[in-house]
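What follows is one structure encoded as structure tokens, with my remarks underneath.
The values are calculated or read from the model by the stated rules, or taken from the named source; none is laboratory data. Just so it is clear, the structure is predicted and the values come from calculations on it, not from any experiment. Every residue, glycine as well, gets a Cβ built from its backbone with ideal geometry; the counts of neighbours run over all protein chains shown. Protein only, heavy atoms only, side chains kept; ligands, DNA and RNA dropped before computing areas. Shrake-Rupley method; radii C 1.70, N 1.55, O 1.52, S 1.80 Å.
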Amino acid sequence: MAKTKRRYVCQECGSVSHRWQGQCADCGQWNTLIEDVPATVFSQKHDLSSGGRAVAFEPLNAPTKLPVRKSTGLAEFDRALGGGLVPGSAVLLGGDPGIGKSTLLLQCAATIARGGNDVVYVSGEEAAGQVRLRASRMGVADAPIRLASETSVRDILTTLGQGEPPALLVIDSIQTMHSDTIEGAPGTVSQVRGCALELIRYAKESGCALVLVGHVTKDGTIAGPRVLEHMVDVVMSFEGERSHQYRILRALKNRFGAVDEIGVFAMATEGLEEVANPSLLFLSGRETPLAGSAVFPALEGTRPVLVEIQALIVRLQSGATPRRAVVGWDSGRLAMLLAVLESRCGLNFSSAEVYLNIAGGYRLTDPAADLAVAAALVSALADRPLPDKSAWFGEVSLAGEIRPVAHAPLRLREAAKLGFARLYGPAGAASGERGADYRGLAALANVVDQVMGNA
């Protein structure tokens, strides 16, 4: 009998090694290689060209009934999903510990159950009494949810198979589930992959909507094998700082809708509350204009969100090493923007510490924020506030040019709706909004002129 070869699987990235070592050669993480039993393979070659069943092919234009989405009861959740939960779909929800994943799903489950639908909530991390305490605190204890604290996938599927399939099945979390047909402890790559496959198969065959809660690693990515994200239909990330009130639900993958929509929530004493106008949340406390503060109309999917960018410049004594600190933006892009301001505009930041912050804990990845950041930096350097009720957007090139950005009319419309009278952006993007004065800028030097001219 041939000797079974040992293999070791990384719990972070899923790479396979044939010997144990302290550090994974692919992702660089330490102490993540765990011994895994490989699947049994045939030692002889087999001809697979016969013996199977014929597969029926269909044309692309075959008439198909569109799935009827089921509302979660939270408009922001439905927006991020693309309109609601699709029957038979599998949704993977990840987020930092304590961010509010279980709270969000319990609210949605209670709303769907109150609408006359069968909802099953399986908690593998908490006892049933802990979930009931949370439901009582949130005021949803009267919802007819079938609750269980179980980690065996075989027991869960056996129980569900005894009756009609539920409309919604919540598994909190997939890393705590285990299957007795797979060797290994719960949370290992083989267990997570095998348990997720069985649960997704049940959802596809029965037509119930499945929501899996996933753990995240220290760098914010979903823990477990990468194949888990390929197996599900929707991958969502619940983001936010626990020190801040707001939470953002972002779709990273969606087979039934767009991936650029977000839902904004605010954590309250009785659970999560929807934020219909996120711009008011990130622009609070702007009664008087201050130096180093600029407003940027960001775009999340089709939703414009106005955020405040704050900059602080501190002059140092000669010979001291200046510091660059960034919160909520790319530090490499800040270094590039400072170099363009020094090279193209003649401003000196080499002897000053630069601090940049996106108010409210918001994180920006939009390149259109370059102009707003540059305006905040110039305002802080000159110690002069920007024009009152002004908003800035545009991408800055290495040559100091203000380049056009996508969806400029949406940004302008949102800024004008919230009372911003002066709008600055790339040349050629006419505002067309009543009561708004749009000023196109061709180069970064024009920003310096605008700030210096605002006495």
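Within segment 146-156, the set of residues being open to solvent by 40 Å² or more (accessible area, probe 1.4 Å) and either β-branched (Val, Ile, Thr) or touching a Lys or Arg at 6+ places or on another chain (Cβ under 9 Å) (or both) comprises Leu147, Thr151.
What residue, of Lys417, Lys389, is open to solvent by 40 Å² or more (accessible area, probe 1.4 Å) and without any contact (Cβ under 8 Å) to a residue 24 or more places away in the chain? First the steps, then the outcome.
Working: Lys389 fails: without any contact (Cβ under 8 Å) to a residue 24 or more places away in the chain.
Every option except Lys417 fails the conditions.
In segment 43-61, the qualifying residues are those that are modelled with pLDDT of 80 or more and either open to solvent by 100 Å² or more (accessible area, probe 1.4 Å) or not aliphatic (A, V, I, L, M) (or both), and the one that is nearest to Ile182 (Cα to Cα) is Arg53. Is it the case, given these coordinates, that Ala298 is surrounded by 19 or more Cβ atoms within 10 Å (Cβ to Cβ) and either in contact (Cβ under 8 Å) with a residue 60 or more places away in the chain or aliphatic (A, V, I, L, M) (or both)? So Ala298 fits the description; yes.
State whether one or more residues within segment 391-411 are acidic (Asp, Glu) and modelled with pLDDT of 85 or more.
Checked segment 391-411: at least one residue is acidic (Asp, Glu) and modelled with pLDDT of 85 or more.
Is it true that Ala436 is open to solvent by 10 Å² or more (accessible area, probe 1.4 Å) and either hydrophobic (A, V, I, L, M, F, W, C) or within 30 Å of Arg242 (Cα to Cα) (or both)? It is true that Ala436 is open to solvent by 10 Å² or more (accessible area, probe 1.4 Å) and either hydrophobic (A, V, I, L, M, F, W, C) or within 30 Å of Arg242 (Cα to Cα) (or both).
Being of a type outside the set (Ser, Thr, Tyr), touching a residue at least 40 places away in the same chain (Cβ under 8 Å) and buried (at least 22 other Cβ atoms within 10 Å of the Cβ) narrows it down to one residue among Gly94, Gly82, Gly88; which is it? Gly94 is the lone residue from the list that is of a type outside the set (Ser, Thr, Tyr), touching a residue at least 40 places away in the same chain (Cβ under 8 Å) and buried (at least 22 other Cβ atoms within 10 Å of the Cβ). From the list Thr72, Thr40, Thr111, Thr64, the one residue that fits, being assigned to a loop (DSSP other than H, G, I, E, B), β-branched (Val, Ile, Thr) and at pLDDT 90 or above, is Thr72. Taken as a whole, the condition of being in contact with a helix residue (DSSP H, G or I) (Cβ under 8 Å, 6 or more places away or on another chain) and in a loop (DSSP other than H, G, I, E, B) does not apply to Phe296. Restricting the first member to segment 109-131 and to residues that are under 14 Å from Ala148 (Cα atoms), and the second to residues that are open to solvent by less than 40 Å² (accessible area, probe 1.4 Å) and aromatic (Phe, Trp, Tyr), the beta-carbon pairs closer than 9 Å and six or more apart or on different chains are Ala109/Tyr121; Val131/Tyr121.
Restricting Arg384, Arg422 to residues that are modelled with pLDDT of 90 or more, under 15 Å from Pro289 (Cα atoms) and open to solvent by 60 Å² or more (accessible area, probe 1.4 Å) narrows the list to Arg384. Scan segment 197-217 and give yes if some residue there is assigned to a loop (DSSP other than H, G, I, E, B) and without any contact (Cβ under 8 Å) to a residue 60 or more places away in the chain, otherwise no. So far as segment 197-217 goes, no, none of its residues is assigned to a loop (DSSP other than H, G, I, E, B) and without any contact (Cβ under 8 Å) to a residue 60 or more places away in the chain. Within segment 320-337, being open to solvent by 30 Å² or more (accessible area, probe 1.4 Å) and not β-branched (Val, Ile, Thr) holds for Ala320, Pro322, Arg323, Arg324, Asp330, Ser331, Gly332, Arg333, Ala335, Met336.
Each row is one residue, and each column tells you yes or no for (1) at pLDDT 90 or above; (2) farther than 17 Å from Ala90 by Cα.
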site	(1), (2)
Glu164	yes, yes
Ile174	yes, no
Ile182	no, yes
Pro186	no, yes
Gly194	yes, no
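Being of a type outside the set (A, V, I, L, M) and within 19 Å of Ile222 (Cβ to Cβ) is a condition met by at least one residue of segment 124-138. Of the strands (runs of 3 or more DSSP E) entirely within segment 231-272, those holding at least 3 residues that are open to solvent by 20 Å² or more (accessible area, probe 1.4 Å) and out of contact with any Leu (no Cβ under 6 Å at 6 or more places or on another chain) occupy 246-254. What number of residues within segment 163-191 are in a loop (DSSP other than H, G, I, E, B), hydroxyl-bearing (Ser, Thr, Tyr) and open to solvent by less than 50 Å² (accessible area, probe 1.4 Å)? Result for segment 163-191: 3.
The C-beta contact set for segment 1-20 (first residue over 16 Å from Ser190 (Cα atoms) and modelled with pLDDT of 85 or more, second residue open to solvent by less than 70 Å² (accessible area, probe 1.4 Å) and not basic (Lys, Arg), distance under 6 angstrom, 6+ apart or interchain) comprises Trp20/Tyr8; Trp20/Leu33.
Which of the following residues is charged (D, E, K, R) and within 30 Å of Glu239 (Cβ to Cβ): Arg344, Arg315, Arg324, Arg384? Selected residue: Arg324, the only one of Arg344, Arg315, Arg324, Arg384 that is charged (D, E, K, R) and within 30 Å of Glu239 (Cβ to Cβ).
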